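Readers should treat all values here as calculations from the given coordinates under stated rules, not as data from a laboratory. For clarity, every value in this text was computed on a predicted model and none was experimentally measured. Backbone-built Cβ (ideal geometry, glycine too); neighbour counts: all protein chains shown.
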Amino acid sequence: MRRRSALPGFGLTMGYTLVYLALIVLIPLATLVLKTAELSPAALWELATSRRAMASYRVTFGASFVAAIINVVFGTLLAWTLVRYKFTGRGVLDAIVDIPFALPTAVSGLALTAVLAPNGWIGRFLTPLGIAAVFTPLGITLALTFIGLPFVVRTVQPVLEELEPEVEEAAAVLGATRRQTLTRVILPTLTPALLTGFALAFARAIGEYGSVVFISGNKQYETEITPLLIMTRLEQFDYAGATALGLVMLVVSFAMLLAINGLGAWSRRRAGHA
Amino acid sequence: MIEPSAVAATSEPVWVRRIVIAIAVGFVGLFVVVPLAAVFGEALRNGLAAYGNAIVDPIALAAIKLTFLAAGVAVPLNVVFGIAASWAIARFRFAGRSVLITVIDLPLAVSPVIAGMLFILLFGKHGLVGPWVADHGIKIVFALPGIVLATIFVTFPFVARELIPLMESQGAEEEEAAIVLGASGWQTFVRVTLPKIKWGLLYGVVLCTARAMGEFGAVSVVSGHIRGRTNTLPLHVEILYNEYEYQAAFAVASLLAILALVSLVARRVIARRVESP
């Protein structure tokens, strides 16, 4: 099975790895599949596509998609700023980008609800404009944007750092305007990283729970995300309903994981040729 | 010095740069700094005494204890796993290696709520082995073991993910030399490998601990929310908030925020050591 290496310990470490992996990850995941198999396909379909389930997918995937798009735009701008421009406070800005990733989701949710509430630090300026963020899909989108921000920045940043200045100089020497260099030279090189960042932010957002429940208000059909609906089903001991929804989410999540791995491979090839 | 024309062609005019920087700083300020500041602002709204009271409240203290206990069990177990997995994966070539790496990452792709649900489906009253476990007088779901299991699941890959690429980049020559010179496998690991990977390991431990203490969704599913017994700090925040104890909720949340900021600073310091040991 193995080749190379005069080192000992393969059997022991591999054995331990597989046993621990099976106990913590594989057996629990297999349980979900087994529990789904107890349902007839028709029952499973009905549970997974009920009106309330469909409404929750719309909220979850819609808000996650918009949030990931916002992150691609502002995340790229942030990465560009951090890599290309020198200014006081750049190190601090770079550190702050990691805060959404480090902050426990419950704290993020509470913090965003506090500032966006009608009397909150930001909400009080939105209310006169007729914008309500708390208990609306807008609030959910903002919460998902918050938690997804570091993913795009940290994916695009290293690619920008590796970008050879010679390429831009060559483009300039050959008569390209700055705008042409940006759109025809830099943007194509960044594309795999942008897509990866988008996919990471989106994948994180669809499963998110803690930062959303405080701000969403959890109104059925309007602001109920799928993870919350799963939680509700579990609290009502409706395990079949929870399992069906869980399966849908799991399939989407694993598809995203495969897409992200594929994008990573593409990105590395692209970087190798650049 | 570069010619002015070259600067103009490979960078943006000063005013464009200023606008871009302003947008970047404004976005992060409004989106990240203001909410974080609001946590501390709300926590201290009724003064320091009220802040202190919310934290020394017996139920809050019980939540703090449980949070440390769960992390204290989950993190060491994931450290042992991370070291074993990275030794097997980074030091040997075998069939299915890249599949194994992907499978180790799976928990990161699973929604926390679903992670918690898996353990309910396994150990709950109507779960796969739930009845058997109950017959033997073991409580897993709505008790400490369930909280620990959910925490282990969500922090599962953190140490392994740090160590596998680090050990791969370092290569195995020094370990091989130690073995050829007669060192035992354990001696080689403790004296040769461990000193080489210690900063990377520490980085993984900080990441793992921070996530373990802050986990909300997965733990929320399996906890059962029994006050003073199965409530971790993040769950306590939610309960206080739902009971309109806003100031107390923010006070407890500020503890978690401080924890997160400390972990962030620690990670930055350690990351520099990983790059230049």
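Things worth noting here:
- Number of partner chain Cβ atoms within 10 Å, mean per residue of B:210-218: 5
- Rg over Rh [alpha-carbon atoms, Kirkwood Rh] for the protein assembly as shown: 0.98
- For the residues of A:10-22, the average number of beta carbons from a partner chain within 10 Å of their own beta carbon is 6.
- Neighbours of B:Arg267, meaning other residues whose beta-carbon lies under 13 angstrom from its beta-carbon, give a summed charge of +1 when Lys and Arg score +1 and Asp and Glu score -1.
- Taking every residue in A:145-157 and counting other chain Cβ atoms within 10 Å of its Cβ, the average works out to 1.
- Length-normalised contact order of chain A in % [C-alpha pairs under 8 Å, at least 6 apart]: 29 percent
- A simple count of charges around A:Val252, restricted to other residues whose Cβ falls under 14 Å of its Cβ and scoring Lys, Arg +1 and Asp, Glu -1, yields +1.
- Convex hull (Cα only) mean projected area of chain A, reported in nm² to one decimal: 21.3 nm²
- Per-residue ellipticity at 222 nm, computed for chain A from helices alone with -39500 (n - 2.57) per DSSP H run of at least four residues, works out to -23500 deg cm²/dmol.
- Whole-Å semi-axes of the stretch B:47-275's equivalent ellipsoid (Cα gyration tensor): 37, 23, 14
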